Amino acid sequence: MLKIAMLVLLVPIVIFAVSRMFSGSCAAAPVTGNIAPDFTLTSQEDTAVSLKDYRGKWVILYFYPKDRTPGCTREAHNFQMDQAKYNERNSVILGVSLDSVDSHKKFCTKEGLNFKLLADTDGRVSRDYGSLTNLGVTKFSARHTFLIDPAGRVAKTYSSVDPSRHSQEVLAALDQLQKQ
C-alpha cells in the first residue's frame, strides 16, 4: 500500500519535472504588426550589429540551432544562393544562434557565407523572440524566422521551417508583402 501511495505522489512530480525540462520557448514570439524587439549582438566579423541599424530595409531575422549541422548548413546555403534576390528586394539576412563569434567565423569561412551571423551566447535575443528552446540541460535557438518591415515591425513569422525550401518561401512572402 505504501508503494502505491508513493507512486501516486511521485508520478505527477516526475511528469511536471520532465515537462519543464523539455519545455519549448521561454517567451512568446513577437506579434505580427508589433515593433520587433531591438537588440545588439556581435557578428562573425567581430562587429556590433543592431536591428535598428537596418531601418529602411526589410530584415530576414532567422534563428537556427547550431553551426555546421546538416539542416542549418542547408538553410544557410540557400539564403546565400539567393543573396542577390534579397538585395533586389531591399532586404538583409541576419542569422542568430547561441554559437560563439568564433564558431560563426569558422562556419562562414567553411561554407562561403557572406551575410551576418550573430552570436546570442546568453540566449537573451532568442528568448525575446520566443525562440529559445531547452532540451534537458541543452539550450539552443529554435528554427524560427521573422520578416521585419522597413519601419521595424514584424510583418510575418515562421515557427515551422523546412531548411531546404525556406529561402524560396521567404522570397515569395517578401514579394507578396511588398505589393501591399
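For segment 140-160, the set of residues classified as in a strand (DSSP E or B) and of a type outside the set (S, T, N, Q) consists of 140, 144, 146, 147, 148, 153, 154, 155, 156, 158, listed by residue number. Within segment 140-152, does at least one residue satisfy the condition of being surrounded by fewer than 17 Cβ atoms within 10 Å (Cβ to Cβ) and either free of Cβ contacts under 8 Å to residues at least 40 places away in the same chain or in contact with a Leu (Cβ under 8 Å, 6 or more places away or on another chain) (or both)? No, segment 140-152 contains no residue that is surrounded by fewer than 17 Cβ atoms within 10 Å (Cβ to Cβ) and either free of Cβ contacts under 8 Å to residues at least 40 places away in the same chain or in contact with a Leu (Cβ under 8 Å, 6 or more places away or on another chain) (or both). Taking each residue of segment 44-61 that is over 23 Å from residue 171 (Cβ atoms) and looking for partners that are aromatic (Phe, Trp, Tyr) with beta-carbon atoms closer than 8 Å, six or more apart or interchain, yields 44/107; 50/39. Here is the figure for segment 61-85: residues that are surrounded by 18 or more Cβ atoms within 10 Å (Cβ to Cβ), in contact with a strand residue (DSSP E or B) (Cβ under 9 Å, 6 or more places away or on another chain) and farther than 27 Å from residue 152 by Cβ total 1. Within segment 134-154, can one find any residue that is in contact with a Pro (Cβ under 7 Å, 6 or more places away or on another chain) and of a type in the set (S, T, N, Q)? Yes; the residues of segment 134-154 include at least one that is in contact with a Pro (Cβ under 7 Å, 6 or more places away or on another chain) and of a type in the set (S, T, N, Q).
Only a single item in (1) crowded, with 19+ Cβ neighbours inside 10 Å; (2) in a strand (DSSP E or B) is not met by residue 163, and it is number (2). Of the residues that make up segment 127-139, is at least one under 17 Å from the mean Cα position of the chain (by Cα), without any contact (Cβ under 8 Å) to a residue 40 or more places away in the chain and assigned to a strand (DSSP E or B)? Yes: segment 127-139 contains one or more residues that are under 17 Å from the mean Cα position of the chain (by Cα), without any contact (Cβ under 8 Å) to a residue 40 or more places away in the chain and assigned to a strand (DSSP E or B). Do we have residue 32 as among the β-branched types (Val, Ile, Thr) and not in a loop (DSSP other than H, G, I, E, B) here? No, not satisfied. Of the residues making up segment 148-180, those that are farther than 16 Å from residue 86 by Cβ, modelled with pLDDT of 95 or more and not β-branched (Val, Ile, Thr) are 151, 152, 153.
The combined condition, being aliphatic (A, V, I, L, M) and either under 25 Å from residue 45 (Cβ atoms) or surrounded by 20 or more Cβ atoms within 10 Å (Cβ to Cβ) (or both), is not fulfilled by residue 177.
Only one of the numbered conditions (1) of a type outside the set (D, E, K, R); (2) under 20 Å from residue 164 (Cβ atoms); (3) in contact with a Leu (Cβ under 8 Å, 6 or more places away or on another chain); (4) in a loop (DSSP other than H, G, I, E, B) is not met by residue 62, and that is (4).
The values are calculated or read from the model by the stated rules, or taken from the named source; none is laboratory data. If you're wondering where the values come from, they're calculated on a predicted model, not measured in any experiment. Reconstructed Cβ throughout: ideal geometry from the backbone, glycine too, with neighbour counts over all protein chains shown.
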